[in-house]
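Q: This is the structure I have questions about; it appears just below.
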Amino acid sequence: PEANMERNPPPGLLVPLPEPRRAGGMPLAEALEARHSQRRFPGLPISLADLSQILWAAQGVVADGRRRTAPSAGQTYPLEAFVVAGDVTGLPPGIYRYQPCGHALAAVSQGDARVDLFGATMAQAEAADAPATIVLAAVYDRTTGRYGTRGVTYTLLEAGHAGQNLYLQATALGLGTVAIGAFREEVVRAVLELPPDQHPLYLFPVGRTPPSSP
C-alpha cells in the first residue's frame, strides 16, 4: 500500500487511510481550552495518520458501524468531505473524496490545487499555505427528502457539528485549523469537480502550529 501512495493515483482509485485512534489523546476539557482559529502555517507537512484522524473525527464511522462521529438528523448524512492535499506525507498532491465507510480516500484529480482554492477565498493566505484543506459539502436532498425545507437547516447544523469535531481533533493532535466561510462557491465547485447536487459549505485549512516565539 505504501508504494501505491507514492504514485499519483488515477481518479476513482481508493487510497486506504491508517486506522483512526479511538481512545486516549488529549482530554476533551484541554482541547476545548486550547482550541482557537489558526491562520498562519509554517510550511511543514502533516502526516497521513493525522489527516486520517481528522477526517474520522469530522465524518467517520464509529466502532458499532451504524453511526458517525457527528450527529445527523434522521441519520441522513448529507455531508461529503473532500481533501485538497498539497503537502501530506505519503499522499500525492491532489483532490480526494473521503469515504467514511471503509475509511479511505477516493482520488478525484491529480496535482496541487491549493493555489486554485486560494483564488476562491478572496486571497485568504491560509488556503494556499496549509498542507491540506478539508472541504465540507452538502447534498441537501438527502435530508430535505425526509424533512422538507427544514432539512436545509438540519444540514447546516450538522456542518457545525462536524466542524467543531474537526477543530478539537486538530487541537488534540497539536495541529491548527480555521473555518473559512467566505469563498466563491462556483470556483470551489469547479476546483473540486462537484456534481450539481453538491454545495460547498466550509473550508478548513489544516497544518502544524507555528513555532513559539522565544
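Q: In the range 112-131, how many are open to solvent by less than 10 Å² (accessible area, probe 1.4 Å) and either touching a Leu at 6+ places or on another chain (Cβ under 6 Å) or among the basic types (K, R) (or both)?
A: Number of matching residues: 1.
Q: Counting only residues that are modelled with pLDDT of 95 or more and open to solvent by 40 Å² or more (accessible area, probe 1.4 Å), which one in the range 76-111 is farthest from V152 (Cα to Cα)?
A: T89
Q: Sort out which residues of the range 157-214 are surrounded by fewer than 16 Cβ atoms within 10 Å (Cβ to Cβ) and basic (K, R), and write them in order of number.
A: R184
Q: Oh, and also: Against the condition hydroxyl-bearing (S, T, Y) and on the phi > 0 side of the Ramachandran plot, how does Y98 come out, does it pass?
A: no
Q: Ok, one more. For the range 173-187, which residues satisfy the criterion of being out of contact with any Lys or Arg (no Cβ under 9 Å at 6 or more places or on another chain) and under 24 Å from Q53 (Cα atoms)?
A: Within the range 173-187, L173, T177, A179, I180, G181 qualify.
Q: If A58 passes every condition in (1) surrounded by fewer than 18 Cβ atoms within 10 Å (Cβ to Cβ); (2) modelled with pLDDT of 95 or more but one, which one does it miss?
A: (1)
Q: Being within 13 Å of the chain's Cα centre (by Cα), more than 15 Å from R39 (Cα to Cα) and among the β-branched types (V, I, T) narrows it down to one residue among V135, V191, V115, V187; which is it?
A: V135
Q: Looking at the range 126-144, is at least one residue touching a Phe, Trp or Tyr at 6+ places or on another chain (Cβ under 8 Å), free of Cβ contacts under 8 Å to residues at least 60 places away in the same chain and on the phi < 0 side of the Ramachandran plot?
A: yes
Q: For the range 177-204, which residues satisfy the criterion of being touching a helix residue (DSSP H, G or I) at 6+ places or on another chain (Cβ under 6 Å) and not in a loop (DSSP other than H, G, I, E, B)?
A: Passing the criteria: T177, V187, V188, V191, P200, L201, Y202, F204.
The values are calculated or read from the model by the stated rules, or taken from the named source; none is laboratory data. The structure displayed is predicted, hence computed values, not measured ones. All Cβ positions, glycine included, derive from the backbone under ideal geometry; neighbour counts span all protein chains shown. For accessibility, only protein heavy atoms count, side chains too; no ligands or nucleic acids. Shrake-Rupley method; radii C 1.70, N 1.55, O 1.52, S 1.80 Å.
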